[in-house]
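Colleague: Okay, handing you the structure first.
The values are calculated or read from the model by the stated rules, or taken from the named source; none is laboratory data. Here the structure is a predicted model, which means the values were calculated and not measured. Here the Cβ positions follow ideal geometry from the backbone for every residue, glycine too, while neighbour counts run over all protein chains shown.
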Amino acid sequence: MPSKPQKIALDFEKPIIDLEDKIKEMKEFAQSTGVELTDDIKRLEKKSKQLRKEIFSNLNRWQRYQLAKHPLRPYMLDYVEGMCSYFEELHGDRYFADDKAIVSGFAQIDDISLVIVGQQKGRDTKQKLFRNFGMSNPEGYRKALRVMEMAAKFNKPIVTLIDTPGAYPGLGAEERGQAQAIAYNMFKMSHLPVPIINVVIGEGASGGALGIGVGDRILMMENSWYSVISPEGCAAILWRDAVHAPKAAEAMKVTAIDAKELGVVDEIIPEPQGGAHLAKEVAISNVKKAILRNIKELMKIPADELIDQRVEKYSKMGFWKE
Amino acid sequence: MDWFKRKKEALKPAEKKDIPDGLWVKCESCGEVIYKKELEKRMYVCPKCDYHFRIGSADYISILFDDDSFEEFNQGMQAVDPLHFKDSKKYSEKYKATVKKTKMNEAVVTGTGTIESHPVVMALMDFKFLGGSMGSVVGEKISRAIDKAIETNTPMIILSSSGGARMHEGILSLMQMAKTSAKLARLANKKIPYISILTNPTTGGTTASYAMLGDVQIAEPGALIGFAGPRVIKQTIGQDLPPGFQRSEFVQEHGFLDLIVHRHELKQRIGKLLEFFAHKN
């Protein structure tokens with residue numbers, strides 16, 4: 001982890017960054033020369049604050065998508081570290097391998113003991129490769145299911161932290177049944193007799209996300225995305241060129257607000273202004289609060305009822321006419 | 001002298017497989033020219049090389065069901081474009097044009113009927129309706145068919161022929177995977193058999209949900225079955241794919257299909273499976 005936060009400016013953040021740099025320059029100039037610039041600096045600071053508010057309260061879908069993929073955004077293990085007083089990672093699917101793109105284990109958040117499963121991305125190149133960019137293979141889904149079934153066995157609630165650009169589209173993944181692994185997880189997760197909360201913390205790409213994404217409550221962070229395919233993938237197919245991804249993001253309505261309006265997502269977890277990476281502790285604390293509140297509600301519901309409600313919840317999704 | 005020879009086979013564009021009109025049809029696999037009436041009689045299987053032509057839900061109904069036993073339900077359901085989706089064309093317009101062209105309302109037909117005298121509830125997908133893509137209506141119709149199988153304690157069959165989830169309905173299409181899988185788990189808890197038939201092609205979200213959840217998994221020979229499309233995989237790994245990759249025989253070899261059944265035997269073999277399930281010791 002870098003000690004100082006790096007600055008990575010997205011296109012739409014440029015005006016803010018430019019202004020902030022100017023303020024910094026003026027401050028330095030004032031200090032070194034003794035010229036009185038306090039009023040001007042104050043004025044610009046006010047303007048910068050306004051600009052921030054303006055830009056970040058009017059983010060379009062493509063901009064939010066970029067925040068969801070932001071290289072400094074907190075990843076699964078950042079949340080685990082920030083939320084849990086105890087975490088023991090459990091490795092391997094007991095059949096084939098230990099998939100590093102999915103992390104699963106026993107955890108304690110405040111007074112709740114639970115199981116956490118999620119996709120983990122890497123921060124630097126070495127870590128990115130180690131985690132396969134958060135793209136799991138079938139053994140990752142099978143590990144997740146093994147640990148979740150153990151949660152059911154020992155009556156622990158389950159939290160899944162979703163952050164994946166997709167299930168890995170590789171040769172071995174096909175040979176070992178990527179589709180079957182994802183399908184079987186959904187099949188099983190729909191009937192596990194313990195509360196399940198799914199939180200999309202970054203990217204919710206298609207079946208890769210859904211493979212650990214069936215539960216009683218679906219929460220999304222304000223700047224995460226969740227859809228049937230990535231905007232780039234959709235653009236490559238429908239517009240025949242991935243450069244049209246911004247259009248595809250708009251057309252597919254990939255944001256948390258959209259998913260809530262469409263009746264898929266139960267709750268949007270607010271992020272600090274400008275994105276989770278700008279104040280990680282705030283983002284993590286918001287996620288923790290939302291998880292605890294939902295778990296406590298769900299723990300009051302008898303298991304049979306919980307399962308029925310879960311299946312019914314998905315039954316209602318979608319729109320049609322007859 | 002191999003100036004004109006292609007060393008590597010170029011990636012083929014998405015195959016166009018509607019049965020062409022006219023009296024004669026050329027086999028897409030071996031090139032044999034077949035009299036159309038003859039092909040129809042042979043259930044659209046090439047008499048020379050056994051290539052299984054892609055056929056629609058109506059053809060499968062006539063192949064599988066006992067005469068006039070199939071009764072469709074939820075026939076009128078249609079999509080409503082909840083996202084107001086638009087690429088070069090509006091989804092709503094594309095949909096209308098597809099309905100007009102195919103004379104179908106959606107990419108799946110659901111109903112009840114008998115196969116070798118055994119009652120079943122069945123959902124049959126149809127590739128010619130927007131590539132057999134799964135949106136809200138497909139998910140809902142399949143879901144309701146599973147409900148019906150539970151209600152009437154009748155075996156469930158789904159025949160897949162689909163490129164995957166429908167992009168035009170975004171996250172709602174995705175959730176149909178969860179919806180149908182949850183319903184199939186409910187069916188399984190009632191110990192009602194579910195047979196999944198995979199035809200060419202079955203990929204994406206369809207494979208990654210109900211198509212892979214059968215008690216018995218049956219594929220037609222040579223069908224493309226997979227999660228990611230071959231083009232995407234090729235791009236990812238940067239090398240050519242092995243011959244036969246993602247075809248039924250390959251998928252069976254890797255442990256994900258129980259049976260590969262020739263179209264001529266499909267009805268009889270399914271009938272036997274249903275008889276086995278129904279038999280009480």
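Colleague: Look at B:Thr207 and say whether it is at pLDDT 95 or above and more than 7 Å from chain A (Cβ to nearest Cβ).
Modeller: Details: at pLDDT 95 or above: yes; more than 7 Å from chain A (Cβ to nearest Cβ): no.
Considered against the rule, which asks whether it is at pLDDT 95 or above and more than 7 Å from chain A (Cβ to nearest Cβ), B:Thr207 comes out as no.
Colleague: Could you check the stretch B:79-108 and list, in sequence order, the residues that are surrounded by 14 or more Cβ atoms within 10 Å (Cβ to Cβ) and under 30 Å from B:Pro119 (Cα atoms)?
Modeller: B:Ala79, B:Val99, B:Thr102, B:Met104, B:Asn105, B:Glu106, B:Ala107, B:Val108
Colleague: So B:Asn281 passes all but one of these: (1) without any contact (Cβ under 8 Å) to a residue 60 or more places away in the chain; (2) surrounded by fewer than 17 Cβ atoms within 10 Å (Cβ to Cβ); (3) in a loop (DSSP other than H, G, I, E, B); (4) touching a helix residue (DSSP H, G or I) at 6+ places or on another chain (Cβ under 9 Å). Which condition number does it fail?
Modeller: Only one criterion in (1) without any contact (Cβ under 8 Å) to a residue 60 or more places away in the chain; (2) surrounded by fewer than 17 Cβ atoms within 10 Å (Cβ to Cβ); (3) in a loop (DSSP other than H, G, I, E, B); (4) touching a helix residue (DSSP H, G or I) at 6+ places or on another chain (Cβ under 9 Å) is unmet by B:Asn281, namely (4).
Colleague: Something else now. Of all residues in the stretch A:63-86, count the ones that are acidic (Asp, Glu) and out of contact with any Lys or Arg (no Cβ under 8 Å at 6 or more places or on another chain).
Modeller: Our first condition is that a residue be acidic (Asp, Glu); within the stretch A:63-86, this holds for A:78, A:81.
Going one step further and asking which of them are out of contact with any Lys or Arg (no Cβ under 8 Å at 6 or more places or on another chain), we end up with A:81.
Matching residues across the stretch A:63-86 total 1.
Colleague: Also, quick follow-up: Whether any residue in the stretch A:251-265 is on the phi < 0 side of the Ramachandran plot and modelled with pLDDT under 95 is what I want to check.
Modeller: The first filter runs over the stretch A:251-265 and keeps only residues on the phi < 0 side of the Ramachandran plot, leaving A:251-252, A:254-262, A:264-265.
Keeping just the survivors that are modelled with pLDDT under 95 gives none.
Checked the stretch A:251-265: no residue is on the phi < 0 side of the Ramachandran plot and modelled with pLDDT under 95.
Colleague: Let me ask something additional. On the given criteria, is B:Met175 crowded, with 23+ Cβ neighbours inside 10 Å and either touching a helix residue (DSSP H, G or I) at 6+ places or on another chain (Cβ under 6 Å) or not assigned by TED's automatic domain parsing to the domain that holds B:Val251 (or both)? Walk me through it before giving the result.
Modeller: Working: crowded, with 23+ Cβ neighbours inside 10 Å: yes; either touching a helix residue (DSSP H, G or I) at 6+ places or on another chain (Cβ under 6 Å) or not assigned by TED's automatic domain parsing to the domain that holds B:Val251 (or both): no.
Criteria not met by B:Met175.
Colleague: Follow-up. If I go through the stretch A:264-322 residue by residue, how many of them are in the same structural domain as A:Cys84 (by TED's automatic domain parsing), part of a loop (DSSP other than H, G, I, E, B) and of a type in the set (Asp, Glu)?
Modeller: The total comes to 2.
Colleague: Tell me, please, whether a residue that is away from chain A (no Cβ under 13 Å) and farther than 21 Å from B:Lys183 by Cα can be found in the stretch B:72-92.
Modeller: No, every residue in the stretch B:72-92 fails to be away from chain A (no Cβ under 13 Å) and farther than 21 Å from B:Lys183 by Cα.
Colleague: May I pose another question? Looking only at helices (runs of 4 or more DSSP H) that fall completely inside the stretch B:199-272, which ones have 2 or more residues that are hydroxyl-bearing (Ser, Thr, Tyr) and buried (at least 17 other Cβ atoms within 10 Å of the Cβ)?
Modeller: Details: elements: B:204-207, B:230-237, B:248-253.
Output list reads B:204-207.
Matching residues to (1) surrounded by 21 or more Cβ atoms within 10 Å (Cβ to Cβ); (2) within 24 Å of the chain's Cα centre (by Cα):
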position: A:Trp239; (1), (2): no, no
position: A:Ala245; (1), (2): no, yes
position: A:Gly263; (1), (2): no, yes
position: A:Ile268; (1), (2): no, yes
position: A:Ile291; (1), (2): yes, yes
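Colleague: Please name all residue pairs, on different chains or six or more residues apart, with Cβ atoms under 7 Å, provided the first residue is in the stretch A:281-310 and is within 14 Å of chain B (Cβ to nearest Cβ) and under 17 Å from A:Asp110 (Cα atoms) and the second residue is of a type in the set (Phe, Trp, Tyr) and surrounded by fewer than 19 Cβ atoms within 10 Å (Cβ to Cβ).
Modeller: none
Colleague: Okay, moving on. Somewhere in the stretch A:283-304, is a residue at pLDDT below 95 and on the phi < 0 side of the Ramachandran plot?
Modeller: Taking the stretch A:283-304 as the starting set, the residues that turn out to be at pLDDT below 95 are none.
No: the stretch A:283-304 contains no residue that is at pLDDT below 95 and on the phi < 0 side of the Ramachandran plot.
Colleague: A further question follows. Condition test on A:Leu210, is it surrounded by 23 or more Cβ atoms within 10 Å (Cβ to Cβ), of a type outside the set (Lys, Arg) and within 13 Å of chain B (Cβ to nearest Cβ)? Lay out the reasoning, then the answer.
Modeller: Values: surrounded by 23 or more Cβ atoms within 10 Å (Cβ to Cβ): yes; of a type outside the set (Lys, Arg): yes; within 13 Å of chain B (Cβ to nearest Cβ): yes.
Judged against the criteria, A:Leu210 is a match.
Colleague: Within 13 Å of chain B (Cβ to nearest Cβ), in a helix (DSSP H, G or I), touching a residue at least 12 places away in the same chain (Cβ under 8 Å) and more than 23 Å from B:Tyr194 (Cβ to Cβ): which single residue out of A:Gly204, A:Gly166, A:Gly215, A:Gly172 fits that description?
Modeller: From the options A:Gly204, A:Gly166, A:Gly215, A:Gly172, the qualifying one is A:Gly172.
Colleague: Show the residue pairs that are 6+ apart or on different chains and have beta-carbon atoms under 6 Å apart, the first residue being within the stretch A:1-20 and within 18 Å of A:Lys49 (Cα to Cα), the second being basic (Lys, Arg) and modelled with pLDDT of 85 or more.
Modeller: So the pair list comes out as A:Ile16/A:Arg52.
Colleague: Inspect the stretch A:23-30 for any residue being at pLDDT 95 or above, out of contact with any Gly (no Cβ under 6 Å at 6 or more places or on another chain) and among the aliphatic types (A, V, I, L, M) and give the result as yes or no.
Modeller: Of the residues in the stretch A:23-30, the ones at pLDDT 95 or above are none.
Looking through the stretch A:23-30, none of the residues is at pLDDT 95 or above, out of contact with any Gly (no Cβ under 6 Å at 6 or more places or on another chain) and among the aliphatic types (A, V, I, L, M).
Colleague: On to the next question. With respect to B:Phe256, is the statement that it is at pLDDT 95 or above and in contact with a Pro (Cβ under 9 Å, 6 or more places away or on another chain) true? Lay out the reasoning, then the answer.
Modeller: Working: at pLDDT 95 or above: yes; in contact with a Pro (Cβ under 9 Å, 6 or more places away or on another chain): no.
Spelling it out, it is not the case that B:Phe256 is at pLDDT 95 or above and in contact with a Pro (Cβ under 9 Å, 6 or more places away or on another chain).
Colleague: What are the pairs with Cβ atoms under 8 angstrom where one residue, in the stretch B:141-152, is acidic (Asp, Glu) and the other, located anywhere, is crowded, with 17+ Cβ neighbours inside 10 Å? Sequence gap at least six, or different chains.
Modeller: As it stands, the answer is B:Asp147/B:Lys183, since those pairs meet every condition given.
Colleague: Under 8 Å between Cβ atoms, which residue pairs at least 6 apart in sequence (or on different chains) link something in the stretch B:46-58 that is farther than 12 Å from B:His264 by Cα with a partner that is of a type in the set (Lys, Arg)?
Modeller: B:Phe53/B:Lys17; B:Arg54/B:Lys17; B:Gly56/B:Lys128
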